[in-house]
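What follows is one structure encoded as structure tokens, with my remarks underneath.
The values are calculated or read from the model by the stated rules, or taken from the named source; none is laboratory data. Note that the structure is a prediction, hence the values are computed from the model and not measured. Here the Cβ positions follow ideal geometry from the backbone for every residue, glycine too, while neighbour counts run over all protein chains shown.
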Amino acid sequence: MKVITIVGARPQFIKAAAISRAIREGFRNTIEEIIIHTGQHYDNNMSDVFFNDLGIPAPQYHLGIGSLTHSQQTGRMMEAIEKVLVLKKPDAVIVYGDTNTTLAGALAASKLHIPVVHIEAGLRSFNKNMPEEINRVLTDHVSTLLFSPTDTGIKNLRAEGFREHFGGNHSADHPGIYHSGDIMLDNTLYFAELAEKRSEVLQKLNPEGKPYILATIHRPSNTDKCQHLRSIMNAFNDIAQTGMKIILPLHPRTRSRLNEKHNSEILEKLEKNPYIVLADPVSFLDMILLEKNAEMIVTDSGGVQKEAYFLQKPAIIAREETEWVEIVKTGNAALCGAHQMKILKAFENFAENKPDYYPEYFGDGNAARFICNTIYNSL
């Protein structure tokens with residue numbers, strides 16, 4: 001069986017690493033994988049070291065689409081992806097998550113009647129102001145196999161008319177939906193062990209070994225709205241006043257906004273605070289190790305929310321909604337948006353009452369093997 005994996009950003013490569021690893025370890029003689037990189041996001045951290053460290057095969061095709069408007073980017077991706085699909089004639093196309101790359105790959109494949117496999121299907125924020133929500137909904141509805149990391153995702157798909165069990169061969173008209181577990185749990189367990197051996201980030205950012213909070217803020221809804229950015233950074237200063245150290249790797253967008261003249265006062269407070277460490281972006285292995293050793297995590301990243309849960313760390317979510325509703329319902333995370341006092345209150349609550357129960361909502365760490373086996377036997 002020949003499958004084409006389509007990815008466009010570093011997080012998607014990391015997700016794809018779990019599938020590539022499962023193919024290499026258990027399906028080497030039955031599944032051939034070809035990787036297309038659309039170039040949706042340029043990331044100078046994606047060097048040869050990145051691929052070697054994570055065991056990710058280098059892309060056979062790099063489309064170099066780059067940063068454009070949503071419509072321009074999606075259209076150009078579809079055109080370039082179609083050429084590769086016509087040339088290679090795969091048995092299936094695998095897409096991940098909810099980016100423009102995801103939608104472009106799904107549309108290009110479905111119009112050529114190539115089965116689409118959507119990993120991370122069924123997730124919903126129920127907020128169509130987010131382009132990611134549009135991408136994930138449309139991708140689900142042209143897919144032949146849909147793998148949801150959670151039972152909530154399966155319930156969302158049922159509510160939209162999908163049937164979980166269908167007799168006969170799966171197709172776009174009669175897709176198969178599966179609760180597979182989360183491939184990022186596979187990755188977190190695998191790479192946490194690797195990070196302990198290879199990463200030196202703790203020696204660099206926390207040489208004294210003090211307890212710390214890890215914080216990441218990067219979404220435009222937080223960085224591009226001045227009041228939101230100020231409120232979040234003020235909350236960090238408030239937390240630091242308690243004597244709790246905060247390690248804050250700055251996304252390029254976040255650093256750029258903090259460097260703007262009207263934010264100079266906020267940046268100066270952060271830089272002068274002895275309990276706040278402003279850092280450059282870190283590698284995936286470094287991030288995993290920082291998460292693993294943190295007391296708690298503050299983030300607006302969907303991926304980091306889950307990794308916090310996998311590593312049994314309480315999370316403060318700087319968003320108004322989350323696709324990972326399970327971790328909030330069980331009290332392992334708190335939705336605080338960009339509200340200074342809500343973030344501070346959540347910190348105080350978690351500092352006093354650290355959660356100790358983390359149900360296995362996301363599977364057992366074998367999602368990639370299940371997905372590969374299902375693809376091979378269902379298409």
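You will find that of T74, T102, T38, T69, the residue that is touching a Lys or Arg at 6+ places or on another chain (Cβ under 8 Å) and either free of Cβ contacts under 8 Å to residues at least 60 places away in the same chain or buried (at least 19 other Cβ atoms within 10 Å of the Cβ) (or both) is T102 and no other. Return yes when E160 is closer than 21 Å to V137 by Cβ and touching a helix residue (DSSP H, G or I) at 6+ places or on another chain (Cβ under 9 Å) and no when it is not. The answer is yes for E160. Tell me, please, whether a residue that is surrounded by 24 or more Cβ atoms within 10 Å (Cβ to Cβ) and within 24 Å of T322 (Cα to Cα) can be found in segment 109-117. Looking for residues that are surrounded by 24 or more Cβ atoms within 10 Å (Cβ to Cβ) and within 24 Å of T322 (Cα to Cα), one finds at least one in segment 109-117, hence yes. Applying the criterion of being aliphatic (A, V, I, L, M) and outside any helix (DSSP H, G or I) to the residues of segment 32-57, the residue that is modelled with the lowest pLDDT is M46.
Let's see how each residue does on (1) in contact (Cβ under 8 Å) with a residue 24 or more places away in the chain; (2) under 23 Å from K204 (Cα atoms); (3) outside the structural domain of H41 (by TED's automatic domain parsing):
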residue	(1), (2), (3)
S231	yes, no, yes
D238	yes, no, yes
E260	no, no, yes
K272	no, yes, yes
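I need the full set of residues from segment 59-113 which are acidic (D, E) and within 22 Å of the chain's Cα centre (by Cα), in order please. Residue satisfying the conditions is D98 alone. Sub-8 Å Cβ pairs linking a first residue in segment 286-308 that is closer than 14 Å to D182 by Cα to a second residue that is acidic (D, E) and surrounded by fewer than 23 Cβ atoms within 10 Å (Cβ to Cβ), at least 6 apart or interchain, are V304/E291; E307/E291; A308/E291, ordered by first then second residue. The set of residues in segment 143-177 being outside any loop (DSSP other than H, G, I, E, B) and surrounded by 18 or more Cβ atoms within 10 Å (Cβ to Cβ) consists of L145, L146, F147, S148, T152, G153, I154, N156, L157, G176, I177. The residue pairs whose first member lies in segment 335-349 and is closer than 14 Å to I217 by Cα, whose second member is hydroxyl-bearing (S, T, Y) and surrounded by fewer than 18 Cβ atoms within 10 Å (Cβ to Cβ), and whose beta carbons are closer than 9 Å, counting only pairs six or more residues apart or on different chains, are A338/S221.
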